[in-house]
1. So which helices (runs of 4 or more DSSP H) stay within the stretch 81-177 end to end and still have 2 or more residues that are out of contact with any Phe, Trp or Tyr (no Cβ under 9 Å at 6 or more places or on another chain) and closer than 16 Å to residue 13 by Cα?
2. Among the listed residues 52, 101, 70, 79, which satisfies the condition of being out of contact with any strand residue (DSSP E or B) (no Cβ under 6 Å at 6 or more places or on another chain), modelled with pLDDT of 95 or more and of a type in the set (Gly, Ala, Ser)?
3. Give the residues of the stretch 352-371 that are in contact (Cβ under 8 Å) with a residue 40 or more places away in the chain and within 17 Å of residue 203 (Cβ to Cβ), sorted by residue number.
4. For the stretch 345-361, name all the residues that are surrounded by 15 or more Cβ atoms within 10 Å (Cβ to Cβ), at pLDDT 90 or above and assigned to a loop (DSSP other than H, G, I, E, B).
5. Of these, 136, 124, 195, which one is assigned by TED's automatic domain parsing to the domain that holds residue 56 and on the phi > 0 side of the Ramachandran plot?
6. Tell me the strands (runs of 3 or more DSSP E) entirely within the stretch 259-312 that contain at least 1 residues that are within 14 Å of the ligand (Cβ to nearest atom).
7. Suppose we filter the stretch 328-344 for residues that are open to solvent by 10 Å² or more (accessible area, probe 1.4 Å) and in contact (Cβ under 8 Å) with a residue 40 or more places away in the chain; how many remain?
8. Taking the stretch 313-327, which residues are within 9 Å of the ligand (Cβ to nearest atom), more than 14 Å from residue 280 (Cα to Cα), touching a residue at least 60 places away in the same chain (Cβ under 8 Å) and among the hydrophobic types (A, V, I, L, M, F, W, C)?
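The values are calculated or read from the model by the stated rules, or taken from the named source; none is laboratory data. This structure is a prediction, so every number in the text was calculated from the model and none was measured. Ideal geometry is used to build each Cβ from the backbone, glycine not excepted, and the neighbour counts take in all protein chains shown. Surface areas here come from the heavy atoms of the whole protein model, side chains and all, with no ligands, DNA or RNA. Shrake-Rupley method; radii C 1.70, N 1.55, O 1.52, S 1.80 Å.
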Amino acid sequence: MKTINDFNFKNKKAIIRVDFNVPLDENFNVTDATRIEAAKQTIDKILADGGSVILMSHLGRPKGVEEKYSLKHILKTASDILEVPVQFASNCVGVEAKTASDQLQAGQVLLLENLRFHAEEEAGDMAFAKELASLGDIYVNDAFGTAHRAHASTTIIAQFFPTEKCFGLLLAKEIESLNKVLKDSKKPVTAILGGSKVSSKITVIENILDKVDHMIIGGGMTFTFVKALGGKVGNSICEDDKQELALEILRLAKEKGVQIHIPVDVVAADDFSATANTQIVDVREIPDGWEGLDAGPKSLANFKKVILESKTILWNGPLGVFEIDKFANGTIELGNFIAEATANGAFSLVGGGDSVAAVKQFGFEHKVSYVSTGGGAMLEMLEGRVLPGIAAILE
Ligand code: AMP
């Protein structure tokens, strides 16, 4: 796996696909610069070598050219974080981009306008990719969030750099961390899958059954399993058409020697709200009119035991409706168990949109081994798919 550390960028122009798809407020101020900060290490190394940097990214989902999605809005923030004045080309292809790149000197950084102002980007257009490629000497992909897309800048462009292509440090770390879970994992391996629906996680569950010793299933998915096993789930979220599938997963797990752990008790509420009445009940006996919105204390004690015995831990999806304080305890406790296991030497990887939000909200970010930034891309890797953006560099 070639990374930027395998190249010397002296007098070279690196064209880097970054993920600067950052949130902006109504005045176009960047409200969370994490993604720009995350790209700094890659950019710094190239500049320190005596190279120059051309950055390309998308921002939002524009339909054609839409001012509000212009990357010019992030120029100041990017310049502050990168500690160099970032130049800007108001079109990612064409004469302006070409001239700006031709004039770029060692130590300088150029940001290209939003790639998605051109439909050719998402279409993976060859001519468009070739034009982007003509701007740089070495292609670097450092955008994990879009690595599962075969877009012009994430995948197609790589073929114009038969050998001069590599991963940025951020993307390399993502791949390495996921491989620590999926390939060279230390046993016992435990996957914790929460969130709302079985249907959105089913492919992940099926693929990782081959790689784990324990699987904790929590969140809204719980109730599809419980009902399939003959329990009463009241008003809990439940996918009736996925009950057969739930039983099939349990059967497969048994066959593969994977222990499945499902909540045995839950915090049930008489309403999906912060003012609901709550009670702890057996997960198989949720009264009519009540719904399970978080894992109960017995379940958490069971999960704790499994997690503290694990050497590799993967966490995707909250154990309850953590957005409401009353139902956040299970997710917070789970984070505590994972933090404790990590402190004891386990490798822990957290990923997927909502678990990342939970980890940040409750301050576990630095107590786990790695927090993955690419929700969709990470799920696709967990599903066992080869991501086109990664394959294009490895080819
Ligand atoms: P996902 O996007 O599939 O990871 O689901 C995350 C969402 O699942 C969060 O917004 C949680 O509030 C929600 N969730 C977790 N547990 C439950 C539950 N028991 N009932 C309903 N929603 C839940």
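1. Per the criteria, 95-103.
2. Values: 52 fails: out of contact with any strand residue (DSSP E or B) (no Cβ under 6 Å at 6 or more places or on another chain); 101 fails: out of contact with any strand residue (DSSP E or B) (no Cβ under 6 Å at 6 or more places or on another chain); 79 fails: out of contact with any strand residue (DSSP E or B) (no Cβ under 6 Å at 6 or more places or on another chain).
Of 52, 101, 70, 79, the one residue that is out of contact with any strand residue (DSSP E or B) (no Cβ under 6 Å at 6 or more places or on another chain), modelled with pLDDT of 95 or more and of a type in the set (Gly, Ala, Ser) is 70.
3. The one that is in contact (Cβ under 8 Å) with a residue 40 or more places away in the chain and within 17 Å of residue 203 (Cβ to Cβ): 352.
4. We begin by selecting, within the stretch 345-361, every residue surrounded by 15 or more Cβ atoms within 10 Å (Cβ to Cβ); these are 346-356, 358-359, 361.
Okay, now just the ones that are also at pLDDT 90 or above, so 346-350.
Listed by number, the list holds a single entry, 346.
5. Going through 136, 124, 195 in turn, the sole match is 124.
6. 265-269, 278-282, 291-295
7. Let us first name the residues in the stretch 328-344 that are open to solvent by 10 Å² or more (accessible area, probe 1.4 Å), namely 329, 332-333, 336-337, 339-340, 342-344.
Narrowing the set further to residues that are in contact (Cβ under 8 Å) with a residue 40 or more places away in the chain leaves 329.
So the answer is 1.
8. Within the stretch 313-327, just 319 meets the criteria.
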